[in-house]
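Trainee: Before we start, here is the structure in question, set down as structure tokens.
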Amino acid sequence: MAGLGASKILTQFRPLTCAAATATATACHPGRLVPHPPDLIKWVRREGGFVHQAVTIAPSADSCGLGLVASQDIPKGSDLIALPHHIPLRFSSLESEGADTIDSVLVNLARQVPEELWAMRLGLKLLQERASIGSFWWAYISNLPETYSVPIFFPGEDIKNLQYAPLLYQVNKRCRFLLDFEKEVKRVLKNLKPDDHPFRGQDVDASSLGWAMSAVSSRAFRLHGKKLSDGTHVDVPMMLPLIDMCNHSFNPNAQIVQEQDAGSTNMLIKVVAETQIKQDDNLVLNYGCLNNDFFLLDYGFVIPSNPYDYIELKYDGALLDAASMAAGVMSPNFSSPAPWQQQILSQLNLDGEAPVLKVCLGGSELVEGRLLAALRVLLASDLETVQKHDLNTLKSLAAEAPLGISNEVAALRTVIALCVIALGHFPTKIMEDEALLKQGVSGSAELAIQFRIQKKSVIIDVMRGLTSRVKLLSSKEKISAQG
């Protein structure tokens with residue numbers, strides 16, 4: 001499926017056009033919504049917020065586009081930014097029971113959006129404010145990028161260039177949702193009076209909806225809302241002007257905190273220096289321990305050597321049979337497990353009613369525990385040996401060869417063979433991908449190629465790690481046999 005492309009130009013009020021990137025505004029350095037937007041730091045201060053005197057907006061040395069940079073050393077523990085409750089952009093009407101006619105239309109539309117696409121809900125509010133002349137948030141909205149480098153806006157060929165089925169599924173799913181949601185939005189808005197129209201009479205298409213969803217998914221934070229009777233807080237998505245210009249790092253030098261505003265029940269949202277920040281350093285937050293699927297889908301970038309990246313496989317007996325044959329491991333039990341093995345597979349949620357068959361390789365575990373336990377059990381010869389260990393031990397790679405060295409070597413070789421099969425699903429090799437990057441490609445093609453390089457690298461890293469373990473175990477087995 002092709003991406004959403006660019007929408008037609010609209011001229012009423014502030015247009016909701018999602019324009020294609022121009023030669024001067026690339027995917028890496030997108031233009032703002034207006035050529036010369038208001039000074040965001042001055043706006044935050046004018047509206048009662050706090051911005052440290054050393055915090056500036058500048059091109060980021062570590063990533064594409066703009067970011068927040070320290071113009072001088074900032075001590076650890078310093079307040080960097082503080083936003084009073086009225087500055088964050090949130091969908092208050094969706095959180096409350098009552099709403100006027102305009103907001104009720106928006107609320108009803110938002111309630112049709114599935115939870116996994118929560119960014120579209122707040123995106124509707126963002127589009128409403130973008131269309132409105134005199135919006136309180138215009139100084140902020142006008143500073144937002146005109147385009148986003150997320151895959152829903154990739155040309156069809158570059159979506160295919162991702163070469164990874166789980167991400168292709170998610171991209172196509174989002175594109176289908178936006179095209180279907182466009183029809184629903186048009187149906188709801190069709191006969192509204194101008195005064196009741198949430199977008200000031202403007203047409204809204206899949207491209208403008210995609211812009212809004214991407215703006216929210218790449219910039220919004222899910223923070224504490226009102227406190228419930230049990231002491232927990234409602235999880236509320238909100239866009240945080242200026243704060244959302246902090247880029248990502250797994251080693252952040254700043255963090256977001258929420259504090260009770262003095263003399264009020266409202267929350268103050270702050271960014272505090274977690275470490276000493278040196279002059280010219282970027283202010284960076286940790287967006288989360290996410291894999292590259294999430295980073296590309298929601299933020300439009302790929303993290304090289306991401307320690308949390310992994311690949312998804314479907315647990316399938318026939319696939320395991322093929323892998324075991326390729327590895328020289330003979331086992332009749334993958335496709336037809338014994339009843340006692342089937343019972344353990346059910347406990348691992350890999351068999352029985354409504355099993356979860358998605359398993360992962362890579363990330364912090366290297367091999368997902370459920371897959372490792374399943375292989376150990378299916379390659380075991382008797383129930384008695386297996387019953388000596390609990391499921392947590394069988395799922396742990398740190399538990400070295402709980403069912404014996406030969407069992408462990410067979411299990412790990414089967415996983416290595418799975419990796420070889422997974423690599424074979426990619427039509428290009430890493431060296432070919434790197435050669436394409438050196439030739440020079442479009443921004444979206446570059447992201448697609450970087451993404452698939454990282455996925456292949458995950459597989460190769462798993463193979464290397466497990467091969468080292470097999471060699472070590474085999475040498476121990478040899479020494480044991482000689483002794």
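The values are calculated or read from the model by the stated rules, or taken from the named source; none is laboratory data. In this text the structure is predicted, and so the values were computed from the model without any measurement. Quick reminder, even Gly has a Cβ in these numbers, built from the backbone with ideal geometry, and neighbours come from all protein chains shown. For accessibility, only protein heavy atoms count, side chains too; no ligands or nucleic acids. Shrake-Rupley method; radii C 1.70, N 1.55, O 1.52, S 1.80 Å.
Trainee: So what is the calculated 222 nm ellipticity per residue for the chain, using -39500 (n - 2.57) for each DSSP H run with n of 4 or more, over all residues, to the nearest 500 deg cm²/dmol?
Mentor: Using -39500 (n - 2.57) per qualifying helix, the result is -12500 deg cm²/dmol.
Trainee: Ok, one more. Ordering H389, H248 by accessible area with a probe of 1.4 Å, largest first, what comes out?
Mentor: So, going from the largest accessible area down, we get H389, H248.
Trainee: Based on the mean of other Cβ atoms within 10 Å per residue, sort peptides 377-385, 406-414, 422-430, 115-123 so the most packed one is first.
Mentor: For the peptides 377-385, 406-414, 422-430, 115-123, the packing ranking is 406-414, 115-123, 377-385, 422-430.
Trainee: What translational diffusion coefficient, in µm²/s and rounded to a whole number, does the Stokes-Einstein relation yield for the chain at 25 °C and a viscosity of 0.890 mPa s, taking the hydrodynamic radius as the Kirkwood radius over Cα pairs? Provide the component values of the computation, followed by the final result.
Mentor: On the way: Rh = 25.3 Å.
Diffusion coefficient, whole number: 97 µm²/s.
Trainee: Related question: Could you compute the FRET efficiency for Q439 and T275, with r as their C-beta to C-beta distance and R0 at 45 Å, rounded to 0.05?
Mentor: Step by step, r from the Cβ atoms, then E = 0.65.
Trainee: Still on this structure, I have one more. Under a crude label model (7 Å from the Cα following the beta-carbon direction), how far is Y308 from I421 in nanometres?
Mentor: Here the modelled spin labels are 2.9 nm apart.
Trainee: May I ask for the percentage of alpha-carbon pairs in segment 311-398 that lie more than 19 Å from each other? Provide the component values of the computation, followed by the final result.
Mentor: Numbers: 1368 of 3828 pairs.
Cα-Cα pairs in segment 311-398 separated by more than 19 Å: 36 percent.
Trainee: Next up: At what distance in nm do the modelled label points of V34 and L192 sit from each other, each positioned 7 Å from its Cα along Cα→Cβ?
Mentor: Using points 7 Å along Cα→Cβ, the separation is 2.3 nm.
Trainee: Over 5 Å intervals from 0, what percent of Cα-Cα pairs in segment 333-483 sits in each interval?
Mentor: Distribution as computed: 2, 8, 16, 18, 16, 13, 10, 7, 5, 3, 2, 0, 0 percent.
Trainee: With θ taken as phi - 60° and the coefficients 6.51, -1.76 and 1.60, list the Karplus ³J(HN,Hα) couplings across segment 234-244 in order, rounded to whole Hz; mark glycine and proline as x.
Mentor: 5, 7, 10, x, 8, 9, 10, x, 6, 4, 6
Trainee: With +1 on each Lys and Arg Cβ and -1 on each Asp and Glu Cβ, and nothing else charged, work out how big the dipole of the chain is about its Cα centre, in Debye to the nearest 20.
Mentor: 520 debye
Trainee: Over the heavy atoms of D390, what accessible area does a 1.4 Å probe trace out, to the nearest 10 Å²?
Mentor: In the full protein context, D390 sits at about 90 Å².
Trainee: So, for the chain, what is the accessible surface per residue at a probe of 1.4 Å, expressed in square angstrom?
Mentor: Values: 22750 Å² over 483 residues.
On a per-residue basis, 47 Å².
Trainee: If you don't mind, there's one more thing I want to ask. Quick check on packing: order 352-360, 446-454, 300-308, 364-372 by the mean number of other C-beta atoms within 10 Å, highest mean leading.
Mentor: Top to bottom by mean Cβ count within 10 Å: 446-454, 364-372, 300-308, 352-360.
Trainee: Moving on to the next point. At 1.4 Å probe size, with no ligands or nucleic acids counted, give the accessible surface of F50 in Å², nearest ten.
Mentor: Accessible surface of F50 is approximately 90 Å².
Trainee: To continue, here is another question. If you roll a 1.4 angstrom probe over the protein chains with everything in place, what fraction of the accessible area of the chain belongs to carbon and sulfur, to the nearest %?
Mentor: 53 percent
Trainee: Keeping all protein chains in position, work out how much accessible area K476 exposes to a 1.4 Å probe, and write it in Å² to the nearest 10.
Mentor: The accessible area comes out at roughly 80 Å².
Trainee: Would you please calculate the Kirkwood hydrodynamic radius of segment 278-353 over all C-alpha pairs and express it in Å, rounded to one decimal?
Mentor: 16.4 Å
Trainee: Using only the heavy atoms of the protein chains and a 1.4 Å probe, how would K193, K395, K438, K125 rank by accessible area, largest first?
Mentor: The ordering from most to least exposed comes out as K438, K193, K395, K125.
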